[in-house]
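Structure, as structure tokens:
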Amino acid sequence: MDRLTKEWERQRTDALHTHHNKSLTATIELSLASPMFQELGPDARELLGAIAFFPQGVCEDKVEWLFPSVFDGTNIFNAFCTLFLTYQSNGFVTMLAPLRDHLRPKDPKLSPILCTTKECYFCRLSVGVYPGKPGYEEARWITQRT
Amino acid sequence: MDYSEDVNIGYLLDVFTTIDTDSQRVWDVCSYFVDHLSWHKPRLVLLGPKIEVLPDTHPSKPRCLFSLSDLYFSVGNCLDSKRLLIHTLQLWREQGDDSEVAQTSRGLSEVNRLLDLHEEGIKQAKEAFEIYERLNDTFGQAQSLCNLAWLLYEDQQLGAAEEAALQSINLFPVKVDPSLACRCHRILGKIHSSKDVDEIEKAIDHFEAALGIASFFDLPNEHFWGHYDMAELFFSQGRLDDAHAHVERAKSHTGNDIYLVGRAISRLGFGMGNAGSEKRGRRLCVPSMLMRRSGPR
């Protein structure tokens, strides 16, 4: 068990690779190559990467806001759940750790969708917070799920 | 596990402050994020150590340090809050930004009040006031005077405290900062309560003024403290029923704030001579929330 844990820490999902392609990576890639996934459009893969990036996943109610450039984002998110690539937990859409590890963007700066999401957060955060002043109550959004 | 957006944002900023180190914007957003947490979810963040090791020449460093000191203040760590404010003050002085020097001095005066370092705090509040006066910043003057009034009151200089509080209140219309107006009225109420039995009515007038403002502008925190102050006054007068009623009303404005609930229970227990209740209340009072709750900077 110790050895397995060490190996996991060292290689993460690469540790699951085998000679006969019966690896987790292959399984994930097989799912992503399926016609049902392909039908979700060209943004689907990158969208999964964005979900994988965030430790909590993505808040269900903020899909349209966080991914303004993605057409029909809510339906794509629903399809991810149907395909068991993601699941819902406490108002967030997230995924299992091995999937996160595999799908998370290696260089977040190179993911246009993630960079757009970052801008959404940055713009919303860039307001002064002072009791009794405009914006103070609205700033509570960072502590809320929805 | 805590499910809310701040966890994602903290992670996002942690990643981008690592891979995008030259971007001033990322650090500016860090400062805003820390401000959001200070007011709405006080907790320490991984970004703290990263902010502290930024080079002093980084344009965002003083702003980030100031926000971080606020966060420490919010979780009750006055010593680290003060340490960061001293560093911030040094950076603003080096940059020659008087307005920021004044704001930081004012912050330091408040931290020193909570550390019971009244003399040091008074000096800083006066320095802040003088700078704001030079800059013709009326609101800054009012804020510094209010801080000064609290410090002087706690240093038993009641006459000077009253003068500072009155001067502050006359400097700005209530609607500009209702919370500040409440704090001025509350300190005036406390000053009158401490002076003489004949001044009790004046004290009540000021506490009621604070409550009126809190009610009009919907400020639950100020509502709580207004009733709390009234309860203290009535306990000191032996009017236990009135005091009890105000503690109950204070409790109705605690929201989900465990600290405030604890303060109310503790005060009630103390006033009614119920040591068990007082102790239970004190246990609820996470010391960390102490000063933030007694009035924002």
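The values are calculated or read from the model by the stated rules, or taken from the named source; none is laboratory data. Quantities reported herein were computed from a predicted structural model and do not represent experimental measurements. Using ideal geometry, Cβ is built from the backbone for each residue, glycine included, and neighbour counts are taken over all protein chains shown.
Scanning for something modelled with pLDDT under 95 and within 12 Å of chain A (Cβ to nearest Cβ), does the range B:73-80 turn up at least one residue? Checked against the condition, which is being modelled with pLDDT under 95 and within 12 Å of chain A (Cβ to nearest Cβ), the range B:73-80 yields at least one hit. Looking only at residues in the range A:79-135 that are in a helix (DSSP H, G or I) and of a type in the set (Gly, Ala, Ser), the one that is farthest from B:LEU37 (Cα to Cα) is A:ALA79. There is at least one residue in the range A:52-61 that is at pLDDT 95 or above, surrounded by 15 or more Cβ atoms within 10 Å (Cβ to Cβ) and more than 11 Å from chain B (Cβ to nearest Cβ). Exactly one residue out of A:ALA79, A:ALA50, A:ALA26, A:ALA33 is in contact with a helix residue (DSSP H, G or I) (Cβ under 7 Å, 6 or more places away or on another chain) and aliphatic (A, V, I, L, M): that is A:ALA50. Only one of the numbered conditions (1) within 14 Å of another protein chain (Cβ to nearest Cβ); (2) in contact with a Gly (Cβ under 9 Å, 6 or more places away or on another chain); (3) over 22 Å from B:HIS227 (Cβ atoms); (4) not aromatic (Phe, Trp, Tyr) is violated by B:LEU152, and that is (1).
In the range A:87-146, what residues are surrounded by fewer than 17 Cβ atoms within 10 Å (Cβ to Cβ), farther than 30 Å from B:PRO220 by Cβ and at the interface with chain B (Cβ under 7 Å from one of its Cβ atoms)? Listed by number, the list holds a single entry, A:LYS109. The criterion of at least 2 residues that are over 18 Å from the mean Cα position of the chain (by Cα) is met, among helices (runs of 4 or more DSSP H) falling completely within the range B:91-199, by B:98-114, B:118-134, B:158-169, B:178-195.
Residue by residue, here is whether (1) touching an Asp or Glu at 6+ places or on another chain (Cβ under 7 Å); (2) surrounded by fewer than 18 Cβ atoms within 10 Å (Cβ to Cβ); (3) basic (Lys, Arg) holds:
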| position | (1), (2), (3) |
| --- | --- |
| B:LYS82 | no, no, yes |
| B:LEU85 | no, no, no |
| B:THR88 | no, no, no |
| B:ARG93 | no, yes, yes |
| B:GLN103 | no, no, no |
| B:SER109 | no, no, no |
| B:LEU114 | no, no, no |
| B:GLU119 | no, yes, no |
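In this entry, B:GLN141 passes the filter for residues that are polar (S, T, N, Q), surrounded by fewer than 24 Cβ atoms within 10 Å (Cβ to Cβ) and modelled with pLDDT of 95 or more.
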